[in-house]
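Visitor: Here you go, one structure.
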Amino acid sequence: MDRVDELYDRFSRGGIRKRRLARAFHSVTWFGLLAGLSGLKRAIDFLLALVLILLLSPVLLILAIRGFRKTPRIGRWCEPFDQLRGIPVLFNVLKGDMAFVGPRAVAPGELSPREREARKRYSARPGLVCLWFIRKRANIAYSAEAASDSEYVESQSVRGDFGIALRAIPALLYGEGVAVTRDTVSILGLSIHNITMTDALEWIAARIQAPSPSQICFLNADCANLSYRDTEYKAVLNEAELVLADGIGLKLAGKLLASEIRQNVNGTDMFPRLCETLAGAAAGIYLLGARPGVADAVGKWIAEHYPGVVISGCRDGYFSAGDEPAVIAQIAQSGAAVLLVAFGAPRQDIWIRRNLHATGVKVAMGVGGLFDFYSGRIPRAPVWMREIGMEWFYRFIQEPRRMWRRYLVGNAVFLWRVMRERRGARRAAAGGAA
Ligand code: UDP
(Lines give C-alpha, C1' and ligand atoms only; values in the text may rest on other atoms or scores of the structure.)
Protein backbone atom coordinates (compact mmCIF):
# COMPACT_ATOMS: atom_id res chain seq x y z
CA MET A 1 0.00 0.00 0.00
CA ASP A 2 1.53 3.36 -0.94
CA ARG A 3 1.46 6.41 1.29
CA VAL A 4 -1.59 8.09 -0.31
CA ASP A 5 -3.66 4.97 0.09
CA GLU A 6 -2.57 4.65 3.71
CA LEU A 7 -3.55 8.24 4.47
CA TYR A 8 -6.88 7.71 2.74
CA ASP A 9 -7.45 4.55 4.74
CA ARG A 10 -6.84 6.39 7.98
CA PHE A 11 -8.62 9.66 7.53
CA SER A 12 -11.27 9.21 4.90
CA ARG A 13 -14.83 8.73 6.05
CA GLY A 14 -14.86 5.19 4.76
CA GLY A 15 -11.60 4.41 6.52
CA ILE A 16 -12.81 5.80 9.85
CA ARG A 17 -16.07 3.81 9.52
CA LYS A 18 -14.09 0.66 8.76
CA ARG A 19 -11.94 1.11 11.84
CA ARG A 20 -14.93 1.84 14.09
CA LEU A 21 -16.59 -1.30 12.84
CA ALA A 22 -13.48 -3.35 13.56
CA ARG A 23 -13.28 -1.90 17.09
CA ALA A 24 -16.96 -2.60 17.73
CA PHE A 25 -16.55 -6.14 16.42
CA HIS A 26 -13.57 -6.63 18.68
CA SER A 27 -15.46 -5.46 21.75
CA VAL A 28 -18.29 -7.88 21.03
CA THR A 29 -15.98 -10.90 20.79
CA TRP A 30 -16.25 -13.39 23.65
CA PHE A 31 -13.41 -11.94 25.72
CA GLY A 32 -14.70 -8.46 25.28
CA LEU A 33 -18.11 -9.61 26.41
CA LEU A 34 -16.70 -11.33 29.47
CA ALA A 35 -14.67 -8.30 30.47
CA GLY A 36 -17.68 -6.05 29.95
CA LEU A 37 -19.88 -8.27 32.07
CA SER A 38 -17.40 -8.50 34.95
CA GLY A 39 -16.64 -12.16 34.98
CA LEU A 40 -17.86 -15.56 34.04
CA LYS A 41 -20.68 -15.74 36.57
CA ARG A 42 -22.29 -12.57 35.30
CA ALA A 43 -21.81 -13.68 31.69
CA ILE A 44 -23.52 -17.00 32.37
CA ASP A 45 -26.37 -15.27 34.20
CA PHE A 46 -26.77 -12.79 31.36
CA LEU A 47 -26.76 -15.40 28.61
CA LEU A 48 -29.01 -17.83 30.47
CA ALA A 49 -31.50 -15.08 31.31
CA LEU A 50 -31.44 -13.95 27.68
CA VAL A 51 -32.09 -17.47 26.38
CA LEU A 52 -34.91 -18.02 28.89
CA ILE A 53 -36.47 -14.66 28.07
CA LEU A 54 -36.45 -15.52 24.36
CA LEU A 55 -37.90 -18.96 25.01
CA LEU A 56 -40.56 -17.60 27.31
CA SER A 57 -41.26 -14.46 25.29
CA PRO A 58 -44.91 -15.35 24.49
CA VAL A 59 -45.67 -15.77 28.21
CA LEU A 60 -43.71 -12.65 29.09
CA LEU A 61 -45.59 -10.67 26.46
CA ILE A 62 -48.94 -11.63 27.98
CA LEU A 63 -47.65 -10.77 31.46
CA ALA A 64 -46.31 -7.44 30.17
CA ILE A 65 -49.73 -6.54 28.74
CA ARG A 66 -51.30 -7.27 32.11
CA GLY A 67 -48.53 -5.27 33.79
CA PHE A 68 -45.55 -6.59 35.77
CA ARG A 69 -45.88 -6.66 39.53
CA LYS A 70 -42.91 -5.30 41.48
CA THR A 71 -41.56 -5.55 45.00
CA PRO A 72 -38.97 -3.13 46.40
CA ARG A 73 -35.75 -4.94 47.32
CA ILE A 74 -32.23 -4.17 48.43
CA GLY A 75 -29.52 -5.35 46.06
CA ARG A 76 -25.78 -5.46 45.74
CA TRP A 77 -23.93 -2.69 47.62
CA CYS A 78 -27.31 -1.97 49.27
CA GLU A 79 -28.67 -0.42 46.06
CA PRO A 80 -32.47 -0.45 46.03
CA PHE A 81 -34.22 -2.02 43.03
CA ASP A 82 -37.65 -3.31 42.07
CA GLN A 83 -37.83 -7.08 41.84
CA LEU A 84 -40.33 -8.25 39.23
CA ARG A 85 -42.54 -11.03 40.54
CA GLY A 86 -42.72 -14.42 38.85
CA ILE A 87 -41.08 -15.22 35.52
CA PRO A 88 -40.36 -11.54 34.67
CA VAL A 89 -37.68 -11.67 37.39
CA LEU A 90 -35.50 -12.86 34.49
CA PHE A 91 -35.31 -9.20 33.43
CA ASN A 92 -33.76 -8.40 36.83
CA VAL A 93 -31.12 -11.03 36.11
CA LEU A 94 -30.55 -9.71 32.60
CA LYS A 95 -30.15 -6.17 33.91
CA GLY A 96 -27.74 -7.27 36.61
CA ASP A 97 -29.95 -6.41 39.60
CA MET A 98 -29.96 -10.08 40.47
CA ALA A 99 -28.17 -13.35 39.77
CA PHE A 100 -29.55 -16.88 39.52
CA VAL A 101 -27.62 -17.87 42.65
CA GLY A 102 -26.89 -15.48 45.49
CA PRO A 103 -28.15 -14.37 48.90
CA ARG A 104 -31.90 -13.80 49.12
CA ALA A 105 -33.07 -10.37 47.96
CA VAL A 106 -34.30 -8.73 51.14
CA ALA A 107 -36.93 -6.06 51.70
CA PRO A 108 -35.71 -2.58 52.73
CA GLY A 109 -34.86 -2.55 56.42
CA GLU A 110 -35.02 -6.34 56.81
CA LEU A 111 -31.35 -7.23 57.24
CA SER A 112 -29.26 -4.31 58.34
CA PRO A 113 -25.80 -4.01 56.78
CA ARG A 114 -24.75 -2.62 60.17
CA GLU A 115 -24.64 -6.20 61.46
CA ARG A 116 -21.16 -7.53 60.74
CA GLU A 117 -22.38 -10.91 59.49
CA ALA A 118 -25.01 -9.34 57.25
CA ARG A 119 -22.60 -6.91 55.64
CA LYS A 120 -20.83 -9.51 53.53
CA ARG A 121 -24.01 -10.59 51.78
CA TYR A 122 -24.34 -7.17 50.18
CA SER A 123 -21.13 -7.62 48.21
CA ALA A 124 -22.90 -10.21 46.03
CA ARG A 125 -25.86 -9.77 43.72
CA PRO A 126 -29.02 -11.15 45.34
CA GLY A 127 -30.05 -14.45 43.82
CA LEU A 128 -33.17 -16.39 42.96
CA VAL A 129 -31.89 -19.32 45.03
CA CYS A 130 -29.32 -19.44 47.82
CA LEU A 131 -27.76 -21.82 50.32
CA TRP A 132 -30.16 -20.66 53.02
CA PHE A 133 -33.14 -21.45 50.77
CA ILE A 134 -31.89 -25.00 50.16
CA ARG A 135 -31.05 -25.65 53.80
CA LYS A 136 -34.36 -24.29 54.95
CA ARG A 137 -36.25 -26.53 52.58
CA ALA A 138 -34.19 -29.55 53.69
CA ASN A 139 -34.87 -28.52 57.34
CA ILE A 140 -31.16 -28.15 58.17
CA ALA A 141 -30.85 -24.36 58.39
CA TYR A 142 -29.45 -24.41 61.93
CA SER A 143 -27.45 -21.19 61.73
CA ALA A 144 -28.79 -17.70 61.08
CA GLU A 145 -29.43 -16.59 57.50
CA ALA A 146 -26.65 -14.00 57.61
CA ALA A 147 -24.13 -16.71 58.60
CA SER A 148 -25.19 -18.91 55.70
CA ASP A 149 -24.96 -15.90 53.35
CA SER A 150 -21.44 -15.03 54.45
CA GLU A 151 -20.46 -18.71 54.04
CA TYR A 152 -21.76 -18.45 50.47
CA VAL A 153 -19.97 -15.19 49.71
CA GLU A 154 -16.67 -16.48 51.09
CA SER A 155 -16.74 -19.71 49.09
CA GLN A 156 -18.41 -18.35 45.97
CA SER A 157 -17.44 -19.99 42.67
CA VAL A 158 -19.12 -20.77 39.37
CA ARG A 159 -18.91 -24.49 40.15
CA GLY A 160 -20.39 -23.91 43.60
CA ASP A 161 -23.23 -21.90 42.08
CA PHE A 162 -23.92 -24.69 39.64
CA GLY A 163 -24.17 -27.12 42.57
CA ILE A 164 -26.55 -24.80 44.44
CA ALA A 165 -28.73 -24.45 41.33
CA LEU A 166 -28.93 -28.24 41.01
CA ARG A 167 -29.71 -28.69 44.70
CA ALA A 168 -32.47 -26.11 44.39
CA ILE A 169 -34.45 -28.60 42.27
CA PRO A 170 -35.19 -31.09 45.08
CA ALA A 171 -35.50 -28.14 47.47
CA LEU A 172 -38.31 -26.77 45.30
CA LEU A 173 -39.99 -30.18 45.35
CA TYR A 174 -39.88 -30.30 49.16
CA GLY A 175 -42.00 -27.18 49.07
CA GLU A 176 -42.38 -24.28 51.41
CA GLY A 177 -43.24 -24.58 55.07
CA VAL A 178 -46.76 -23.75 56.18
CA ALA A 179 -47.20 -20.58 58.17
CA VAL A 180 -48.76 -22.34 61.16
CA THR A 181 -46.79 -25.11 62.79
CA ARG A 182 -47.79 -27.16 65.79
CA ASP A 183 -45.61 -27.68 68.86
CA THR A 184 -46.35 -31.39 68.94
CA VAL A 185 -46.95 -33.46 65.86
CA SER A 186 -48.41 -36.94 65.77
CA ILE A 187 -47.07 -39.34 63.14
CA LEU A 188 -48.06 -43.03 63.14
CA GLY A 189 -49.21 -42.83 66.74
CA LEU A 190 -45.97 -41.22 67.92
CA SER A 191 -45.89 -37.81 69.46
CA ILE A 192 -43.01 -35.61 68.29
CA HIS A 193 -41.85 -32.36 69.89
CA ASN A 194 -41.73 -30.02 66.94
CA ILE A 195 -38.89 -27.75 68.01
CA THR A 196 -35.75 -26.33 66.42
CA MET A 197 -32.14 -27.25 67.18
CA THR A 198 -31.71 -24.08 69.23
CA ASP A 199 -34.85 -24.87 71.27
CA ALA A 200 -33.62 -28.42 71.88
CA LEU A 201 -30.24 -27.18 73.14
CA GLU A 202 -31.92 -24.68 75.45
CA TRP A 203 -34.16 -27.47 76.70
CA ILE A 204 -31.11 -29.64 77.47
CA ALA A 205 -29.32 -26.77 79.25
CA ALA A 206 -32.38 -26.32 81.46
CA ARG A 207 -32.81 -30.04 82.11
CA ILE A 208 -29.22 -30.42 83.27
CA GLN A 209 -30.23 -28.24 86.23
CA ALA A 210 -33.54 -30.04 86.85
CA PRO A 211 -33.95 -32.43 89.79
CA SER A 212 -35.30 -35.38 87.75
CA PRO A 213 -33.57 -37.01 84.74
CA SER A 214 -34.81 -36.82 81.14
CA GLN A 215 -34.53 -38.98 78.07
CA ILE A 216 -34.25 -37.67 74.53
CA CYS A 217 -35.11 -39.87 71.52
CA PHE A 218 -34.29 -39.02 67.92
CA LEU A 219 -37.04 -40.39 65.75
CA ASN A 220 -36.39 -41.12 62.08
CA ALA A 221 -38.36 -43.16 59.53
CA ASP A 222 -36.54 -46.35 60.51
CA CYS A 223 -37.31 -45.80 64.22
CA ALA A 224 -40.98 -45.27 63.38
CA ASN A 225 -40.94 -48.56 61.46
CA LEU A 226 -39.25 -50.37 64.35
CA SER A 227 -41.76 -49.02 66.85
CA TYR A 228 -44.58 -50.34 64.68
CA ARG A 229 -43.85 -53.90 65.80
CA ASP A 230 -41.85 -53.32 68.98
CA THR A 231 -44.34 -52.30 71.64
CA GLU A 232 -41.69 -51.74 74.30
CA TYR A 233 -39.84 -49.34 72.01
CA LYS A 234 -43.10 -47.56 71.18
CA ALA A 235 -43.82 -47.15 74.90
CA VAL A 236 -40.31 -45.74 75.42
CA LEU A 237 -40.86 -43.22 72.61
CA ASN A 238 -44.14 -42.15 74.13
CA GLU A 239 -42.67 -41.85 77.62
CA ALA A 240 -39.49 -40.00 76.63
CA GLU A 241 -39.38 -36.42 77.83
CA LEU A 242 -38.30 -35.20 74.39
CA VAL A 243 -38.78 -36.85 70.97
CA LEU A 244 -37.12 -35.05 68.09
CA ALA A 245 -37.81 -35.33 64.36
CA ASP A 246 -34.73 -36.70 62.61
CA GLY A 247 -34.34 -36.84 58.84
CA ILE A 248 -36.06 -36.05 55.61
CA GLY A 249 -38.58 -38.91 56.01
CA LEU A 250 -40.15 -37.16 58.98
CA LYS A 251 -40.25 -33.87 57.10
CA LEU A 252 -42.12 -35.53 54.22
CA ALA A 253 -44.45 -37.28 56.67
CA GLY A 254 -45.20 -33.95 58.35
CA LYS A 255 -45.95 -32.44 54.96
CA LEU A 256 -48.28 -35.28 54.00
CA LEU A 257 -50.13 -34.99 57.30
CA ALA A 258 -50.27 -31.17 57.10
CA SER A 259 -48.14 -30.87 60.26
CA GLU A 260 -45.01 -29.13 59.08
CA ILE A 261 -41.83 -30.26 60.89
CA ARG A 262 -39.83 -27.17 61.87
CA GLN A 263 -36.32 -28.61 61.65
CA ASN A 264 -34.38 -31.82 61.22
CA VAL A 265 -33.03 -32.15 64.75
CA ASN A 266 -30.74 -35.17 64.54
CA GLY A 267 -28.06 -36.27 66.97
CA THR A 268 -25.17 -35.94 64.56
CA ASP A 269 -25.84 -32.27 63.83
CA MET A 270 -26.67 -31.64 67.46
CA PHE A 271 -23.44 -33.12 68.82
CA PRO A 272 -20.98 -30.24 68.14
CA ARG A 273 -23.62 -27.74 69.26
CA LEU A 274 -24.18 -29.74 72.42
CA CYS A 275 -20.43 -29.66 73.07
CA GLU A 276 -20.53 -25.90 72.61
CA THR A 277 -23.36 -25.69 75.14
CA LEU A 278 -21.45 -27.85 77.63
CA ALA A 279 -18.11 -26.08 77.15
CA GLY A 280 -17.22 -24.24 80.29
CA ALA A 281 -20.16 -25.76 82.22
CA ALA A 282 -19.52 -28.11 85.11
CA ALA A 283 -21.76 -30.73 83.46
CA GLY A 284 -19.69 -33.64 82.18
CA ILE A 285 -20.48 -35.93 79.25
CA TYR A 286 -20.24 -39.73 79.18
CA LEU A 287 -19.89 -41.59 75.87
CA LEU A 288 -21.19 -45.15 75.93
CA GLY A 289 -21.34 -47.40 72.88
CA ALA A 290 -19.85 -48.41 69.52
CA ARG A 291 -16.86 -50.68 68.97
CA PRO A 292 -13.87 -50.71 71.34
CA GLY A 293 -11.76 -47.58 70.91
CA VAL A 294 -14.44 -45.61 69.03
CA ALA A 295 -15.90 -43.76 72.06
CA ASP A 296 -12.33 -42.91 73.17
CA ALA A 297 -11.63 -41.46 69.73
CA VAL A 298 -14.78 -39.30 70.06
CA GLY A 299 -13.50 -38.20 73.49
CA LYS A 300 -10.27 -37.09 71.78
CA TRP A 301 -12.31 -35.23 69.15
CA ILE A 302 -14.15 -33.34 71.89
CA ALA A 303 -10.92 -32.53 73.73
CA GLU A 304 -9.46 -31.15 70.52
CA HIS A 305 -12.46 -29.14 69.32
CA TYR A 306 -14.14 -28.18 72.61
CA PRO A 307 -11.42 -28.25 75.28
CA GLY A 308 -13.82 -26.70 77.80
CA VAL A 309 -16.04 -29.80 77.88
CA VAL A 310 -15.64 -32.16 80.83
CA ILE A 311 -15.41 -35.75 79.55
CA SER A 312 -16.63 -37.88 82.42
CA GLY A 313 -15.96 -41.22 80.72
CA CYS A 314 -15.95 -43.34 77.58
CA ARG A 315 -16.82 -47.00 77.12
CA ASP A 316 -17.55 -49.29 74.19
CA GLY A 317 -20.96 -50.86 73.68
CA TYR A 318 -19.92 -54.49 73.56
CA PHE A 319 -20.32 -55.75 77.10
CA SER A 320 -22.15 -58.80 78.44
CA ALA A 321 -25.36 -58.70 80.47
CA GLY A 322 -23.23 -59.69 83.46
CA ASP A 323 -21.09 -56.56 83.04
CA GLU A 324 -24.08 -54.25 82.85
CA PRO A 325 -24.31 -53.38 86.57
CA ALA A 326 -20.61 -52.46 86.55
CA VAL A 327 -21.11 -50.24 83.48
CA ILE A 328 -24.03 -48.47 85.16
CA ALA A 329 -22.04 -48.04 88.37
CA GLN A 330 -19.15 -46.61 86.37
CA ILE A 331 -21.42 -43.97 84.80
CA ALA A 332 -22.97 -43.10 88.16
CA GLN A 333 -19.52 -42.72 89.75
CA SER A 334 -18.29 -40.54 86.91
CA GLY A 335 -20.79 -37.84 87.93
CA ALA A 336 -21.70 -37.22 84.29
CA ALA A 337 -24.69 -34.97 83.62
CA VAL A 338 -25.17 -35.96 79.97
CA LEU A 339 -25.05 -39.52 78.67
CA LEU A 340 -24.82 -40.43 75.00
CA VAL A 341 -25.65 -44.07 74.25
CA ALA A 342 -24.71 -45.48 70.84
CA PHE A 343 -26.04 -49.04 70.59
CA GLY A 344 -28.39 -48.39 67.64
CA ALA A 345 -32.19 -48.14 67.87
CA PRO A 346 -34.24 -49.51 69.55
CA ARG A 347 -31.75 -51.11 71.97
CA GLN A 348 -30.15 -47.86 73.08
CA ASP A 349 -33.46 -46.14 73.84
CA ILE A 350 -34.90 -49.10 75.74
CA TRP A 351 -31.61 -49.39 77.66
CA ILE A 352 -31.77 -45.72 78.65
CA ARG A 353 -35.38 -45.99 79.85
CA ARG A 354 -34.53 -48.95 82.07
CA ASN A 355 -31.35 -47.48 83.53
CA LEU A 356 -31.87 -43.71 83.43
CA HIS A 357 -32.29 -43.29 87.20
CA ALA A 358 -29.53 -45.75 88.08
CA THR A 359 -26.95 -43.92 85.94
CA GLY A 360 -27.53 -40.70 87.88
CA VAL A 361 -27.27 -38.53 84.75
CA LYS A 362 -29.59 -35.61 84.05
CA VAL A 363 -30.04 -36.04 80.31
CA ALA A 364 -29.54 -39.22 78.28
CA MET A 365 -30.00 -39.78 74.56
CA GLY A 366 -29.62 -42.62 72.09
CA VAL A 367 -27.38 -41.50 69.25
CA GLY A 368 -27.02 -44.51 66.90
CA GLY A 369 -24.00 -44.31 64.62
CA LEU A 370 -22.87 -40.86 65.86
CA PHE A 371 -19.64 -42.13 67.48
CA ASP A 372 -18.67 -43.88 64.26
CA PHE A 373 -18.90 -40.54 62.43
CA TYR A 374 -17.04 -38.37 64.93
CA SER A 375 -14.31 -40.96 65.51
CA GLY A 376 -13.76 -40.95 61.74
CA ARG A 377 -14.55 -44.67 61.48
CA ILE A 378 -17.36 -44.02 58.99
CA PRO A 379 -17.43 -40.80 56.92
CA ARG A 380 -20.62 -38.79 57.12
CA ALA A 381 -22.46 -37.73 53.96
CA PRO A 382 -21.10 -34.48 52.46
CA VAL A 383 -23.09 -31.32 53.19
CA TRP A 384 -24.47 -31.10 49.65
CA MET A 385 -26.03 -34.55 50.04
CA ARG A 386 -27.61 -33.54 53.33
CA GLU A 387 -28.91 -30.40 51.67
CA ILE A 388 -30.87 -32.45 49.16
CA GLY A 389 -32.19 -34.81 51.83
CA MET A 390 -30.13 -37.78 50.63
CA GLU A 391 -28.02 -38.56 53.69
CA TRP A 392 -29.86 -41.86 54.00
CA PHE A 393 -28.73 -42.79 50.46
CA TYR A 394 -25.11 -42.17 51.40
CA ARG A 395 -25.52 -44.50 54.40
CA PHE A 396 -27.08 -47.05 52.09
CA ILE A 397 -24.20 -47.05 49.59
CA GLN A 398 -21.68 -47.30 52.43
CA GLU A 399 -23.16 -50.55 53.72
CA PRO A 400 -25.69 -51.73 51.12
CA ARG A 401 -25.98 -55.25 52.51
CA ARG A 402 -26.91 -54.06 55.98
CA MET A 403 -28.86 -50.97 54.96
CA TRP A 404 -30.95 -51.97 51.94
CA ARG A 405 -33.79 -53.26 54.06
CA ARG A 406 -33.70 -50.26 56.39
CA TYR A 407 -33.67 -47.62 53.67
CA LEU A 408 -34.97 -49.00 50.37
CA VAL A 409 -37.76 -51.07 51.87
CA GLY A 410 -38.10 -49.14 55.12
CA ASN A 411 -38.55 -45.68 53.59
CA ALA A 412 -41.21 -46.95 51.20
CA VAL A 413 -43.06 -48.78 53.99
CA PHE A 414 -42.89 -45.70 56.20
CA LEU A 415 -44.31 -43.38 53.52
CA TRP A 416 -46.99 -45.92 52.65
CA ARG A 417 -48.08 -46.02 56.31
CA VAL A 418 -48.10 -42.24 56.47
CA MET A 419 -50.27 -42.09 53.34
CA ARG A 420 -52.64 -44.60 54.91
CA GLU A 421 -52.82 -42.44 58.04
CA ARG A 422 -53.55 -39.44 55.86
CA ARG A 423 -56.38 -41.23 54.08
CA GLY A 424 -57.81 -42.28 57.46
CA ALA A 425 -57.60 -38.72 58.80
CA ARG A 426 -59.32 -37.33 55.68
CA ARG A 427 -62.06 -39.92 55.88
CA ALA A 428 -62.61 -39.14 59.57
CA ALA A 429 -62.72 -35.40 58.80
CA ALA A 430 -65.22 -35.99 55.98
CA GLY A 431 -67.34 -38.20 58.28
CA GLY A 432 -67.23 -35.55 61.02
CA ALA A 433 -68.27 -32.82 58.57
CA ALA A 434 -71.18 -34.91 57.28
N1 UDP B 1 -23.34 -51.20 68.78
C2 UDP B 1 -22.92 -51.36 70.07
N3 UDP B 1 -23.20 -52.52 70.70
C4 UDP B 1 -23.87 -53.53 70.11
C5 UDP B 1 -24.33 -53.34 68.78
C6 UDP B 1 -24.05 -52.14 68.15
O7 UDP B 1 -22.31 -50.46 70.64
O8 UDP B 1 -24.09 -54.56 70.75
C9 UDP B 1 -23.00 -49.94 68.09
C10 UDP B 1 -22.36 -50.07 66.72
O11 UDP B 1 -20.96 -50.30 66.86
C12 UDP B 1 -22.68 -48.74 66.09
C13 UDP B 1 -24.01 -48.37 66.73
O14 UDP B 1 -24.19 -49.26 67.82
O15 UDP B 1 -21.71 -47.79 66.46
C16 UDP B 1 -25.20 -48.56 65.81
O17 UDP B 1 -25.04 -47.89 64.67
P18 UDP B 1 -26.14 -47.83 63.57
O19 UDP B 1 -25.49 -47.23 62.37
O20 UDP B 1 -26.84 -49.10 63.42
O21 UDP B 1 -27.13 -46.81 64.22
P22 UDP B 1 -28.18 -45.84 63.56
O23 UDP B 1 -27.59 -44.47 63.64
O24 UDP B 1 -28.37 -46.27 62.18
O25 UDP B 1 -29.36 -46.02 64.46
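The values are calculated or read from the model by the stated rules, or taken from the named source; none is laboratory data. Since we're looking at a predicted model, the values are computed, not measured. Note that we place each Cβ from the backbone using ideal geometry, even for glycine, and neighbour counts take in every protein chain shown.
Visitor: Since Asp246 meets every condition but one in (1) crowded, with 23+ Cβ neighbours inside 10 Å; (2) more than 30 Å from Ser312 (Cα to Cα); (3) of a type in the set (D, E, K, R), which condition does it not meet?
Guide: (2)
Visitor: I'd like the full set of residues that are of a type in the set (Gly, Ala, Ser) and outside any loop (DSSP other than H, G, I, E, B), limited to the range 289-324.
Guide: Those that are of a type in the set (Gly, Ala, Ser) and outside any loop (DSSP other than H, G, I, E, B): Gly289, Ala295, Ala297, Gly299, Ala303, Ser312, Gly313, Ala321, Gly322.
Visitor: Is the range 356-371 home to any residue that is of a type in the set (Gly, Ala, Ser), part of a strand (DSSP E or B) and within 16 Å of the ligand (Cβ to nearest atom)?
Guide: Among the residues of the range 356-371, at least one is of a type in the set (Gly, Ala, Ser), part of a strand (DSSP E or B) and within 16 Å of the ligand (Cβ to nearest atom), which makes the answer yes.
Visitor: Further question on the same structure: Check whether at least one residue in the range 386-404 is in a helix (DSSP H, G or I), aliphatic (A, V, I, L, M) and assigned by TED's automatic domain parsing to the domain that holds Leu201, and report yes or no.
Guide: no
Visitor: While we're here: Pick out the one residue from Val341, Val327 that is of a type outside the set (Gly, Ala, Ser) and closer than 25 Å to Glu202 by Cα.
Guide: Being of a type outside the set (Gly, Ala, Ser) and closer than 25 Å to Glu202 by Cα holds for just one of Val341, Val327, which is Val341.
Visitor: Does the range 228-243 hold any residues that are buried (at least 17 other Cβ atoms within 10 Å of the Cβ) and either hydroxyl-bearing (Ser, Thr, Tyr) or not in a loop (DSSP other than H, G, I, E, B) (or both), and which are they?
Guide: Those that are buried (at least 17 other Cβ atoms within 10 Å of the Cβ) and either hydroxyl-bearing (Ser, Thr, Tyr) or not in a loop (DSSP other than H, G, I, E, B) (or both): Tyr233, Lys234, Val236, Leu237, Leu242, Val243.
Visitor: What's the number of the condition Gln333 fails, among (1) of a type in the set (S, T, N, Q); (2) within 16 Å of the ligand (Cβ to nearest atom); (3) farther than 26 Å from Lys234 by Cα?
Guide: (2)
Visitor: Would you confirm whether any residue within the range 415-430 is within 13 Å of the ligand (Cβ to nearest atom), under 31 Å from the mean Cα position of the chain (by Cα) and not in a loop (DSSP other than H, G, I, E, B)?
Guide: no
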